[in-house]
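Values in this text are rule-based calculations from the coordinates and carry no lab data. Note that this is a predicted model, so its numbers are computed, not measured. All Cβ positions, even for glycine, are placed from backbone atoms using ideal geometry, and neighbour counts span all protein chains on display.
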Amino acid sequence: MTRKEQIRNAYKLTGGHANFYDGMMTYSTLAGKAICRLVWNMNREKNLRYIEQALSGIPEDFSGKLLEVPVGTGVLTMPVYQTMPDADITCLDYSADMMNAAKQKADYAGIRNITFRQGDVGALPFEDSRFDVVLSLNGFHAFPDKEAAYRETFRVLKPGGTFCGCFYIKGGCRRTDWFIRHLYVPKGFFTPPFETEESLRKRLSELYEDVQVNMVEGIGCFRCRKKQTGK
């Protein structure tokens, strides 16, 4: 199964019972499509493209240790994890409600090689250099202490390991910037300061190599590799 097919299965996972969050992330409900178009200037093709890019750091035949933080409801990743029976997957989220939703999806998909942990990305409960891949989808723009999040995700990643994912990037889309500033920040959904494409590239390049940042409207999809000598 190709990565694109795996992602498309996320649309099927919501069925006719998708909540608002899942419907928006998968562009699968009327309300979700409206938010994607209005706030993020995304149609189905763009939505699929940014998710595919964000997950591109996970090899198709991955069998190592992976940390996803935050896991959210797991709607985007459970179809991918379903094709990775030999991987050792850990999913962490601060929200018990989100994590329970992800657990339900894992159970429904019959995924048994996942450990769920409730915790804070700013103080990850794992030893140094534990994971081959650290994945963060749509999380950093909501983390209150972003410096701690960058520091901790770097710490638990093995030298030579991959850090990948996506989150909101300021300056990528004027429409999105307006909604973030006037709606998402006042409601506490997102927390400044926000990266720009330039600042993200600079930040990642200071610690990682093979840095790639691709923009899809206001979403920055990144993939990089921790330097073998990284401490």
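Place the peptides 184-190, 51-57 in order of packing, highest mean first, counting for every residue the other Cβ atoms within 10 Å and averaging per peptide.
Working: 184-190: 12.7, 51-57: 22.0.
Highest to lowest by the protection proxy: 51-57, 184-190.
Counting every other Cβ atom within 10 Å of each residue's Cβ, 39, 71, 121 order from fewest to most as 39, 121, 71. Each other residue within a Cβ distance under 12 Å of residue 66 adds +1 if Lys or Arg and -1 if Asp or Glu, for a net charge of -1.
Measuring against 24 Å, Cα to Cα, the residue pairs 46/170; 46/187; 33/202 contain 46/187; 33/202 as the ones spanning a longer distance. Of 216, 182, 21, which is farthest on the positive side of the dipole of region 3-226, counting Cα position, with +1 on Lys and Arg Cβ, -1 on Asp and Glu Cβ, and the Cα centre as origin? The Cα lying farthest towards the positive end belongs to 182.
Per-residue ellipticity at 222 nm for the chain, helices alone: DSSP H runs ≥ 4 residues times -39500 (n - 2.57), over residue total, nearest 500 deg cm²/dmol? Spell out each step's value before the answer.
Working: 9 runs with 84 residues, N = 231.
That comes out to -10500 deg cm²/dmol.
A dipole drawn for region 3-226 from +1 and -1 charges on Cβ atoms has a positive end, and of 80, 99, 167 the residue lying farthest that way is 167.
The residue among 34, 54, 118 whose Cα reaches farthest toward the positive pole of the charge dipole of the chain, with charges on the beta-carbon of Lys, Arg, Asp and Glu, is 34. Given the C-alpha centroids of region 194-230 and region 113-147, what is the distance between them in whole angstrom? Value for the Cα centre distance between the two parts: 17 Å.
Between the entries (1) 110; (2) 136; (3) 145, the label attached to volume of the Cα convex hull per residue in Å³ calculated for this structure is (1). For region 185-197, backbone phi angles converted through the Karplus equation (6.51, -1.76, 1.60; θ = phi - 60°) give residue-by-residue couplings of 5, x, 7, x, 5, 10, 10, x, x, 10, 6, 9, 4 Hz, Gly and Pro being listed as x. Couplings 3J(HN,Hα) for region 129-145, derived from phi with the Karplus relation 6.51 cos²θ - 1.76 cosθ + 1.60 (θ = phi - 60°), are 6, 8, 10, 7, 9, 10, 10, 9, 9, 6, x, 4, 5, 9, 5, x, 10 Hz, where x marks Gly and Pro.
Charges at C-beta only: +1 for Lys and Arg, -1 for Asp and Glu. How large is the resulting dipole of region 101-231 about its Cα centre, in Debye rounded to 20?
I would put it at about 120 debye.
Note on region 116-220: Cα-only Rg and Dmax are 14.2, 41 Å. The alpha carbon centroids of region 14-82 and region 161-184 are separated by 15 Å. Rounded to the nearest 20 debye, the dipole size of the chain about its Cα centre is 520 debye, using +1 on the Cβ of Lys and Arg and -1 on the Cβ of Asp and Glu. DSSP beta bridges in region 3-226, what fraction antiparallel, as a percent rounded to 5? Around 40 percent antiparallel, to the nearest 5. Whole-Hz Karplus values for region 173-183 come out as 8, 4, 4, 4, 4, 5, 5, 4, 5, 9, 10 Hz, taken residue by residue from phi with 6.51 cos²θ - 1.76 cosθ + 1.60 and θ = phi - 60°; glycine and proline positions read x.
Taking 0.36 nm per residue of separation and subtracting the Cα-Cα distance, what length does fully extending residue 113 through residue 21 add?
Working: separation 92, 0.36 × 92 = 33.12 nm, distance 2.49 nm.
Stretched out fully, the residue 113 to residue 21 stretch lengthens by 30.6 nm.
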